[in-house]
Amino acid sequence: MTATQSAAQLSVCSAAGSSSEVVERDSAGIRIVENRILTSRIGDRVGESPILAIGEESQDPAQQFTRIADATRLVDGGVVGADVGAAELRRFDASGRFVRRIGRRGQGPGEYQAITSLVRLAGDSLLVSDSPAGRITILAPDGSVARTFP
């Protein structure tokens, strides 16, 4: 590990006790509705132990992040993590094995100044926000640039 790298670890946990119920209750005459579907989707409920750990004790540079901005789980169980310091995405398979780097530091298409968020879209396309550059990049499932806009 170099001086610019840290021991950031990417852990993925499964949802614990997700329920599709809507619960209604009364509090001093005020009707309260709790939507557990929404709560589980926004990540408020997470399992207690990781189901996948990346970079935990590995000396492999591909598994070491300088600072994780965001991560998302793909349909096949793989994970994509956004490293702010390296200005790149890293794709891992469902077992946590490194697959490939996506992007790099720069100003052109598929290049980033600092990735600030990452969102999985339909079909495993990815929305990558690069706030310092003032742009959004949509990546196809294979990691190629599909569209960039301010």
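Determine whether residue 85 is open to solvent by less than 20 Å² (accessible area, probe 1.4 Å) and farther than 17 Å from residue 142 by Cβ.
No; evaluated as a whole, the condition is false for this residue.
Just to check your reading of the model, which residue among 53, 94 is modelled with pLDDT under 90 and open to solvent by 20 Å² or more (accessible area, probe 1.4 Å)?
On inspection, the qualifying residue turns out to be 53.
Inspect all residues belonging to the stretch 111-119 and state whether any of them is open to solvent by less than 60 Å² (accessible area, probe 1.4 Å), out of contact with any Phe, Trp or Tyr (no Cβ under 9 Å at 6 or more places or on another chain) and farther than 13 Å from residue 69 by Cβ.
Among the residues of the stretch 111-119, at least one is open to solvent by less than 60 Å² (accessible area, probe 1.4 Å), out of contact with any Phe, Trp or Tyr (no Cβ under 9 Å at 6 or more places or on another chain) and farther than 13 Å from residue 69 by Cβ, which makes the answer yes.
Any residue at all in the stretch 96-109 that is under 12 Å from the mean Cα position of the chain (by Cα), over 27 Å from residue 58 (Cβ atoms) and free of Cβ contacts under 8 Å to residues at least 60 places away in the same chain? Working first, answer last.
Quick first cut of the stretch 96-109, residues under 12 Å from the mean Cα position of the chain (by Cα) only: none.
Checked against the condition, which is being under 12 Å from the mean Cα position of the chain (by Cα), over 27 Å from residue 58 (Cβ atoms) and free of Cβ contacts under 8 Å to residues at least 60 places away in the same chain, the stretch 96-109 yields no hits at all.
The values are calculated or read from the model by the stated rules, or taken from the named source; none is laboratory data. Computed from a predicted model, the values in this text were never measured in an experiment. FYI the Cβ positions are ideal-geometry reconstructions off the backbone, even for glycines, and counts take in every protein chain you see. The area values use the complete protein model at the heavy-atom level, side chains included, leaving out ligands, DNA and RNA. Shrake-Rupley method; radii C 1.70, N 1.55, O 1.52, S 1.80 Å.
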